[in-house]
Amino acid sequence: MAAILEMQNIVKEFGRLRALDKVSLHVEQGETVAIIGPSGSGKSTLLRSVNRLEKITSGEIRINGELMVSSPSGKAEYVSERQVRRLCSSTGMIFQHFHLFPHMTCLGNITYAPMKVKKQSQAQAEETAHRLLELVGLADKADNWPSQLSGGQQQRVAIARGLAMEPELMLFDEPTSALDPEITGEVLAVMKTLAARRMTMLVVTHEMGFAREVADRVIFMADGRIIEQGTPEQIFENPQTERLQNFLRSTLSAQKNQ
Amino acid sequence: MTVQVFLLTLVFALPLGLPVALGSNSRLLPIRLFCRAFVWVFRGTPLLLQLFFFFYMLPIWFGFAMDPLPTAVITFVLNYSAYLAEIYRGGINSIDRGQYEAASCLGLSRWQTMFGIILPQTVSRILPAVANEMITLVKDTSLVYVIGVAELMKASRGAVNRDTDPTAYLVAALIYLLFTFILTKVADRVEKRFSRHEARRQ
Ligand SMILES: Nc1ncnc2c1ncn2[C@@H]1O[C@H](COP(=O)(O)OP(=O)(O)OP(=O)(O)O)[C@@H](O)[C@H]1O
Ligand SMILES: [Mg+2]
């Protein structure tokens, strides 16, 4: 299997705060990796470093084997802007708050980037968009404005928008955290479909059920470090560190109380 | 003549405000400084003073005089570009960071993001402020009177002198009011047109 993403000794500092402290992470083609951990542990920062929404302080990142950033002198040096954009375009990102473009219909949201960046014809882009809307179960919403959709529907359109760029790696940053508990299921179902199709996914989530059921590997982060990782069984049934044991106890009891 | 000043200012200042606004946000320091200084000067001094400056001082200092109309138009365009630039910039800055991040994740360039994603959303937000500015402009055009190019005010004053009938001033005021009223209506229409996507969920 080929590594889609290789991160080596990633350090990210916000002023004096070290949000990532020498994190190394490999993601193989077709893998679904879940990242769990307490608030402020650096999960989002790690995800956002992959597509340079955050510029790392030092470390090395390769996407599909190609170097995006390295630190020969100890400080991060990115390859050219063009190259970085090309590498990042093989990743797609789904945000907690969707970030659909409010001035475009669902169809417009999905077709805009393929037409502008991939120079697809409108007919071609729309055909793909309709197919993707079908995949996420919103075939009838093509001409609706995002403001006319529920949160769960908006998030599914956002997933379709990301998929339209044919990414090889999808990054999800708490895709269901902004949703009412009753409708998280519809988004998780779409993600399960993607996992079943062997889409490579890196998912930051508070949904322990999803991590346990769908992920091939679960990573537990705290204080900007990867504390423990393994199969869902290893992480949930047999946690090694006290941090993880405590974390699981508190989140699982919190989720039961909901 | 005031109508000419109004229309020409509209035609030139509306677009000119945009590069100034983008420049004020530029990552390149010289561009940013230049645009911010421009805004500072033209927004920070009274329009009347600027008119005096361009009309009376420039010829004295630099030895060339322009016709009143182009002088008035240039002054108004510069002044209004500065005001509009600040409105545009405020609008651009009010767009959620997430929009930039989503665009960047889809591989859109800065240019595509600005013109395809950010500015279209800015339009509906800044329209009320821009309409306001246009109404102020209608009233400000009466200032061109002081450099002797106003027709509306001059005509009405002529009428007052002739007939010693103050209703002429009233007529002038009514014309201004009518003008601003029409503008408000037009602005409303345009605003509705650009906020279609904000329609509430059915
Ligand atoms: N732009 C920023 N400027 C300064 N500090 C930041 C910034 N972004 C994140 N941080 C800090 O970095 C640390 C890690 O943040 P991060 O958002 O990655 O945590 P997280 O694990 O995603 O948390 P959550 O579960 O609440 O989303 C936190 O202490 C946070 O305050
Ligand atoms: Mg986070």
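Every number in this text was worked out from the coordinates using simple rules, so none of it is lab data. In this text, all values refer to a predicted model and were calculated from it rather than measured experimentally. A quick note on method: Cβ atoms are made from the backbone with ideal geometry, for glycine too, and the neighbour counts reach across all protein chains shown.
Some points to look at:
- Order of B:73, B:138, A:157 under a 10 Å beta carbon neighbour criterion, fewest first: B:138, B:73, A:157
- For chain A: rounded, prolate or oblate by the Cα gyration tensor [a/c cutoff 1.5]: oblate
- Counted charge near residue B:110, where neighbours are those whose Cβ lies closer than 12 Å (Asp, Glu -1; Lys, Arg +1): +1
- Cβ crowding within 10 Å, taken as a proxy for footprinting-reagent exposure, orders A:176, A:193 from fewest neighbours to most as A:193, A:176.
- Spin-label model, residue A:196 to residue A:253: label points 7 Å out along the Cα-to-beta-carbon direction sit 3.6 nm apart.
- Karplus-based coupling profile of the stretch A:142-159, in residue order and whole Hz: 3, 9, 7, 7, x, 5, 8, 10, 6, x, x, 5, 4, 5, 5, 5, 4, 5, with θ = phi - 60° in 6.51 cos²θ - 1.76 cosθ + 1.60 and x standing for Gly or Pro.
- Relative contact order (percent, whole number), chain A, Cα cutoff 8 Å, 6+ residue spacing: 25 percent
- Taking other Cβ atoms within 10 Å as a rough exposure proxy, B:178, A:169 sort from fewest to most as B:178, A:169.
- Inter-chain Cβ neighbour average for residues A:109-121, partner chain, 10 Å: 3
- Look at where the Cα atoms of the stretch A:134-195 and of the stretch B:6-47 average out, and the two centres are 41 Å apart.
- Relative packing of A:26-34, B:80-88, which averages over residues the other C-beta atoms within 10 Å, highest first: B:80-88, A:26-34
- For the peptide A:88-95, the mean number of other protein chain Cβ atoms found within 10 angstrom of a residue's Cβ is 3.
- Taking the centroid of alpha carbons for each part, the stretch B:83-147 and the stretch A:105-123 are 25 Å apart.
- Shielding by partners, peptide B:97-104 (average Cβ within 10 angstrom, other chains): 6
- DSSP beta bridges in the protein assembly as shown [antiparallel fraction, %, rounded to 5]: 60 percent
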